[in-house]
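Structure record follows, encoded as C-alpha cells.
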Amino acid sequence: MTWSWKLFDEILNVMAALAGIILVFITAAVCYTIGMRFFFTKTTIWLMQTTEYALLWIVFLATTWLLREGGHITTDIIYGGLNKKTKRWFDMVLFTCCAVACVICLYFASSYTYNCVAKGVTDVRGVTVPKAAIYIIIPVGFLMLTIQFLRMVKDRFITTEERK
C-alpha cells in the first residue's frame, strides 16, 4: 500500500472517530436537556438544531469509513450465484456507477455550499449559524466516497488483471 492510501485510510479513521465523538456529544446533550427539563423545568434552545446538524455530520464523516470496512447492507440474491470473474466485473461496473453518482452529488453540494458562502446565507433558529459551516461536510463526504469507490474499482481491476 502506498503512503497516499495509508494517509487516506488515516483520514477516514479520524473522520469516523470524530463521528463517534459527535454521537457521544449529542447523546450527552440530550440527557442533559432531559435532566434540565425534569428537575428545573428549563430546556436548552440550541439542542434540536445542533442535533440535526450533528446527525448530518455523522453520516458524512463515517460513510466512507463504513464503505471501506464493508459494513454497508448488501443484497446478494443474484450476486451470490455469480462466479468470481463475473462478480469482479459486476463490482467494477457498480463501483464506477457509484463513483459517477458521487461526483454528480459532489458537484451540486459544492455549488450549494459555495453559494451559501458567496451570499452569506445563515440559518436563523435557536442559534444563528452560517449554512456553509453546516453543509461543507457534504462535498467533503462525497469527495471521500468518490475516492473510495475509485479505489475499489482499481482493486477489482488489478485482481482481474492478475487472474489473466
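Each reported figure results from applying straightforward, stated rules to the coordinates on display, with no laboratory input. Just so it is clear, the model here is predicted, and its values are computed rather than measured. Here the Cβ positions follow ideal geometry from the backbone for every residue, glycine too, while neighbour counts run over all protein chains shown.
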Inter-probe distance in nm under a simple model that places probes 7 Å from Cα toward Cβ, at Trp5 and Leu150: 1.5
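Which order do peptides 2-9, 142-149 fall in by mean Cβ count within 10 Å, highest first?
Most protected by this proxy first, the peptides run 142-149, 2-9.
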In Hz, Karplus ³J(HN,Hα) per residue of the stretch 16-25 (6.51, -1.76, 1.60; θ = phi - 60°; x = Gly, Pro): 5, 5, 4, 4, x, 5, 4, 4, 4, 4
Cut-off under 5 Å, modelled amide H: who pairs with Thr122 long-range: Lys131
For the stretch 3-163, size of Cβ-based charge dipole, Lys and Arg +1, Asp and Glu -1, in debye: 120
Efficiency of FRET between Val127 and Val100 - r from beta-carbon atoms, R0 35 angstrom, step 0.05: 0.40
Residue with peak Gaussian network fluctuation, the chain [Cα springs, cutoff 10 Å], from Trp89, Trp65, Trp57: Trp89
Local electrostatic count, Ala132, Cβ distance below 12 Å [Lys/Arg +1, Asp/Glu -1]: +1
Option label - Rg/Rh (Cα atoms, Kirkwood Rh) computed here, alternatives [x] 1.09; [y] 1.66; [z] 0.97: [x]
Cut-off under 5 Å, modelled amide H: who pairs with Ile136 long-range: none
Positive-end residue, the chain charge dipole about Cα centroid, Cβ charges, pick of Pro130, Asn83, Thr2: Asn83
Table column - 3J(HN,Hα) (Hz), the stretch 70-81, Karplus curve with 6.51, -1.76, 1.60, x for Gly and Pro: x, x, 6, 5, 10, 10, 10, 4, 7, 4, x, x
Length gained when the stretch Val59-Thr43 is fully extended (0.36 nm per residue, less Cα-Cα span): 3.1 nm
